[in-house]
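The values are calculated or read from the model by the stated rules, or taken from the named source; none is laboratory data. This is a predicted model, so every value here is computed, not measured. As a convention, Cβ positions derive from the backbone with ideal geometry for all residues, glycine included, and neighbour counts pool all protein chains shown. We work out accessible area using only protein heavy atoms, side chains counted, and drop any ligands, DNA or RNA first. Shrake-Rupley method; radii C 1.70, N 1.55, O 1.52, S 1.80 Å.
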Amino acid sequence: MAELNETIHQPVRLRVMAALVTLEAGNEVDFTYLRDLLQVTDGNLGAHLRKLEEAGYIAVNKTFVERKPHTYVSATETGRRVFREHVSALEKILKGK
Amino acid sequence: MNISPTEAEEALAAIQAMAQKTRKSIASSGAYIFLIITGIIWLVGFLSTQFLTGAIVVYIWVGMSLAGSALSILLGSRTGRRVRSASANATARRAGFFWLFLVFFAVAVIAVARPTDGKQVTMLIILFIMLGQLAMGLLLSFSSTWWALPITALALVGYFLLPGIFYLWMAILGGGGMIVLGLYIRLRW
């Protein structure tokens, strides 16, 4: 039975994962774009991304585009599976209302 | 970890809202740039066609189109950096070939049909551009390309019902409409 995931359930991390799993598998999103989408600060987003990365749910890719540093973020396969399980657990709680 | 059904409902609503916002944001990221630039070209180009005569009209259209294309490529490539995809280059190449072939077919149709006046040529070009835009939307999932249909309808209404002010009609409703829609997508979506 799917269980709630404490790491993902935190409101900002929940929205981060929701945004990342909406992208097609293999696609990655720019850090600043994600920050604007979520309307959070650089520091706040950075802290939550670190937690998700440590859990293995997202991959952070630091690269250079036209000599400027860019950070890209994507959901890993594990992250997508765990997120699906989390959503399934939420739906079960709702059905048992 | 235990939560109440109300909390679960709120979490699911937050997930759904974020997914929808992401999809809309990605879909509209390039559309508004294309809409505003094309709108400005149409506004200036059709106004000059309505009120000016001679070679200056051609120069305005060619100059605006070249500048618009360069600006679209520049701004489009910047916007494209927000989301990177392994298949993006291949898709962009296919889209490029599609537009190239569409231009070839448009030129061929105009050469075969031999339209008798400028309005007919203009209408054919508009139809081909809007067809291309719709095809991009349907094939590449750019969900914000539905605007091609009302613009085509407006162009057909102007062509058949208001031939005397067709260019003015296209400048204000076609070009102006695209600018307003582009700004709306940018600011409100």
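Of note:
- Carbon/sulfur fraction of accessible area - chain B, other protein chains in place, 1.4 Å, %: 71 percent
- The range B:107-132 versus the range B:2-76: alpha-carbon centroid distance in Å: 24 Å
- Taking every protein chain into account, the accessible area of chain A amounts to 54 square angstrom per residue (probe 1.4 Å).
- Placing A:54, A:91 in order of accessible area, with the largest value first and a 1.4 Å probe, yields A:54, A:91.
- Ordering B:1, B:64 by accessible surface, largest first, gives B:1, B:64; the 1.4 Å probe counts only protein heavy atoms, with every chain in place.
- Pairing chains A and B buries close to 2600 square angstrom of accessible surface in total, based on protein heavy atoms and a 1.4 angstrom probe.
- Inter-chain Cβ neighbour average for residues A:44-57, partner chain, 10 Å: 0
- Per-residue [θ]222 nm for the protein assembly as shown (sum of -39500 (n - 2.57) over DSSP H runs n ≥ 4, rounded to 500): -24000 deg cm²/dmol
- With respect to chain B, whose longest principal axis is taken over its alpha-carbon atoms, helix B:31-51 is tilted by about 20°.
- Candidate aspartates and glutamates for bridging to residue A:51, where Cα separation is under 12 Å - those fewer than 8 sequence places away on the same chain excluded: A:6
- Taking 0.36 nm per residue of separation and subtracting the current Cα-Cα distance, fully stretching the chain between residue A:42 and residue A:67 would add 6.9 nm.
- Neighbouring Cβ atoms from other chains, within 10 Å of the Cβ of residues in B:12-20, number 5 on average.
- Of B:24/B:119; A:95/B:21; A:62/A:92; A:68/B:24, pairs whose Cα-Cα distance is over 30 Å: B:24/B:119; A:62/A:92
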